[in-house]
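The next block holds one structure in the form of structure tokens; read it before the comments.
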Amino acid sequence: GGGPVGQHLSALMSKRKLPELVPEGKAAGKQRLLTEEDVANEMLLGEMLGGLSEGEQELAVDAVVQDVNGVESVNGDYLDADIMLAGLADEQGAEEANLPPRLPDLPDLPIGELPAELDEAALISGQELDLSNISVTAAQARKMAPLIGSNSELNVIKFPQHELMISEIREEDELEWDSEEYTDVEAIFIAEFLKHTTALKRLDLARNQIGDDGAMALAAAVGVNPTIEYLNLESNNLSGTAGAAFCRAVEENASLQYLNLMYNALPTTAQQILRDSWAKNRPAIGLHL
């Protein structure tokens, strides 16, 4: 409206500087309508008026007068603004506490350069890749993976202590690769081929040395593989980052029915988020944490 109360309400809602308005018959130092200096009570007034029409707001402002000790309600009781605002904050906190835990963001993992001993031609052709005398980091493995994945002739990758049989990933429906001392590097390479195979149904990588870098690659592969049903990563070196990656994977994948991440270091929150993601379209019996 156009009166002083209407002007005051409009100013309050637009957060302009408010003049100090004194109600008729009241001493200037004793009582006044809400001013911008009384921030907490402005917030309270906003809560009280939020759902009212303009006419109802003006009537309500006429009825609400701030005293030095609190806010006078319509029935004459005095309500402490701090207490009322604390109650509103408690209600908001309770609502937030009832929300499901938030899925953490996944880190952007660095992609390294190729090892000095290798060139691109050695990765995209040939039946054998010999890394037995070459040290490869996880970042370098991420650079190498799409290149070796494009090599349809590749059958084996040789490491210092073992061999990774790529032909078996392409052809077998079940691989028992537990206790092979595989690291993130091997897991990143396995994941690259897992993205494209439709033969493999069961993959057991328990009791290896796979950490979050390898697990994130495997989770990304599971997310796009339409046939994988069983993945065992028990007793590796996984943490909450791996848990977050698999939360996304199980929501994107429709075929996976068994996932074992026991005896890793997934925090309780990550475990709960993963259980919630799993339960959206699978029986709980298939998830082992």
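Taking packing as the residue-averaged number of other Cβ atoms within 10 angstrom, the listed peptides 157-168, 192-203 run from highest to lowest as 192-203, 157-168. Estimated at 0.36 nm per residue, the fully extended path between ILE285 and GLU251 surpasses their Cα-Cα distance by 10.6 nm. Computed on segment 198-272, the Cα convex hull volume stands at 73 Å³ per residue. Compared with the direct C-alpha span, the chain from VAL224 to ILE134 gains 29.3 nm at full extension, assuming 0.36 nm per residue.
Only the coordinates and a few stated rules stand behind these numbers; no lab work does. All values derive from a computational prediction rather than experimental measurement. Glycine also receives a Cβ, built like all others from the backbone with ideal geometry; neighbour counts cover every protein chain displayed.
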